[in-house]
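Read the structure below first, then the notes.
The values are calculated or read from the model by the stated rules, or taken from the named source; none is laboratory data. Bear in mind the structure is a predicted one, so any value in this text is a computation, not a measurement. Only protein heavy atoms, including side chains, enter the accessible area calculation; ligands, DNA and RNA are left aside. Shrake-Rupley method; radii C 1.70, N 1.55, O 1.52, S 1.80 Å.
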Amino acid sequence: MGEIYADTVDSLDHPAAMSAIARFRAGGSGDGTAEPYLVVVREDVAAVALRDAQSRCVIMVNKVEGQWETPQMVTVGVLPRAAPDRNFRPSFIQRLEIHRSGPPTVDGGPPDSSWITVSGFAASGARSIAVASSLDRCVADVADDGFVLAVLRSPWREKPAVVVAMSDGRRIPCAHPSLG
């Protein structure tokens, strides 16, 4: 399976971003000034990173019958807005957040597979991260402040594997209890 590069949308007024902002504000989250920071689109799902004066978060948005819709119930992991000092080991992702999104089975159990987001801050010198599950692979570039956001399909209980690609060519597996 070849690597799939995340489609990071240049226009932050993408319909998925507008849907995420509306749900974020309707839920009473943040200070009301949330703005899209990064939008990653994969097939029928988008991950939208929002930020306001105090925090940043990632919200999953689904494409349903041609329209980008944010689920009524949204679990939002809130990260402090300020990026951490990035002088930590490249084998770690600071403030790592993993979220899964998928409809339950007919008997109400978790789905067999889901879309997941992996986000956080990479060390100084990191160029990209490659995230892999047994179903999918994705490569996401590191933003100027070190923030990374990847979206991929994964079995429900599987922990993804993450490898950090450094600017000097090294590829360093990420070590974190939430990862494979």
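Numbers for the structure displayed
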{"read-out": "Extension reserve of the Asp107-Ser167 stretch, reckoned as 0.36 nm per residue once the Cα distance is removed", "value": "16.9 nm"}
{"read-out": "Separation between Cα centres of segment 96-152 and segment 36-69, rounded to whole Å", "value": "13 Å"}
{"read-out": "Share of carbon and sulfur in the accessible heavy-atom surface of segment 134-173 [1.4 Å probe, %]", "value": "50 percent"}
{"read-out": "Rounded to whole Hz, the Karplus (6.51, -1.76, 1.60) HN-Hα couplings of segment 90-98, x for glycine and proline", "value": "x, 7, 10, 10, 6, 6, 4, 10, 10"}
